[in-house]
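Working notes, structure below.
The values are calculated or read from the model by the stated rules, or taken from the named source; none is laboratory data. Note that the coordinates shown come from a computational prediction; the quantities given were computed from them, not determined experimentally. For neighbour counting, all protein chains shown are included, and Cβ atoms are generated from backbone atoms with ideal geometry for every residue, glycine included.
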Amino acid sequence: MNFLVVGGFLGSGKTSFILRLAHHMIDDLGINKIVILENEIGEIGIDDQVLRGSGYEVKGMFSGCVCCTMAGELPTNVRTIEKDLNPDWIIMEATGVAFPQAIKDNLVNALQMKPRAVCLVDAQRWMRLLRPMEKLLPFQLNGADVVLINKADLVDEETRQAVKESVSQYSRDAELVLCSAKEGIDIKVLERILGMEA
Ligand SMILES: Nc1nc2c(ncn2[C@@H]2O[C@H](COP(=O)(O)OP(=O)(O)OP(=O)(O)O)[C@@H](O)[C@H]2O)c(=O)[nH]1
Ligand SMILES: [Mg+2]
């Protein structure tokens, strides 16, 4: 069973991204047993959309932060999901303040899994958030295999490059990709996020 943590700031596009990704997995990659774990504070309710009855299970289970207060419950919940549903993938939308590396470590240590992580940032708000969030940023980005600089459709080319340069200061290991979850995300990028690139 594979696991993907989707981290990133409040309103950065996590749910929109998951919808795109899940469609691609089902339509193009033939992966059809996917469980999506949702944070409960989202603007877009994922289970109200396309998901019901098409191979997805959506569960909202975390009323606290899954990397700290709920950390003990994550492995237990994952085991239960494996037993009851045995999906190919679990995709977990973390809350906007979660630390992906802590979630990954938890799954590695408790369940010997090899989780993947993607983190989204909002290209339009990055520069504004930089100052107030500076201490938190490295933790929020740490552990991501890919950082998606989302909402690229809302900013000009100069801003895109400036944000990319700035994000790279906080996330040295991850691959950085500009994208728009609204307009569509390159399938190759989605496959790299899943660790499925050829
Ligand atoms: N223009 C534009 N809007 C986007 C994009 N991605 C998401 N949005 C919009 O941004 C808002 C927040 O998107 P969500 O997908 O709910 O973001 P989220 O990170 O899941 O939000 P929370 O769960 O509340 O933290 C919604 O109104 C989306 O339609 C994008 O690439 N471009
Ligand atoms: Mg959301």
Inset, instruction - Please give the number of the condition ARG125 fails out of (1) within 15 Å of the chain's Cα centre (by Cα); (2) within 16 Å of ligand 2 (Cβ to nearest atom); (3) among the charged types (D, E, K, R). - result: (1)
Inset, instruction - All but one of (1) within 16 Å of ligand 2 (Cβ to nearest atom); (2) under 16 Å from GLY7 (Cβ atoms) hold for LYS182, so report the exception by its number. - result: (2)
Legend entry - Of all residues in the stretch 83-133 being of a type in the set (Lys, Arg) and part of a loop (DSSP other than H, G, I, E, B), the one that is surrounded by the fewest Cβ atoms within 10 Å (Cβ to Cβ): LYS114
Inset, instruction - Just name the residue that is nearest to ARG116 (Cα to Cα) out of those in the stretch 167-198 that are surrounded by fewer than 16 Cβ atoms within 10 Å (Cβ to Cβ) and polar (S, T, N, Q). - result: SER168
Legend entry - Pair list, Cβ under 6 Å, 6 or more apart: the stretch 1-29 residue on the phi > 0 side of the Ramachandran plot and in contact (Cβ under 8 Å) with a residue 12 or more places away in the chain, other residue within 13 Å of ligand 1 (Cβ to nearest atom) and in a helix (DSSP H, G or I): GLY8/LYS14
Inset, instruction - Look at the stretch 1-38 and say how many of its residues are within 8 Å of ligand 1 (Cβ to nearest atom), surrounded by fewer than 19 Cβ atoms within 10 Å (Cβ to Cβ) and not aliphatic (A, V, I, L, M). - result: 1
Inset, instruction - Please work out which one of (1) part of a loop (DSSP other than H, G, I, E, B); (2) modelled with pLDDT under 95; (3) surrounded by 20 or more Cβ atoms within 10 Å (Cβ to Cβ); (4) away from ligand 2 (no atom under 16 Å from the Cβ) is the condition ALA144 fails and give its number. - result: (2)
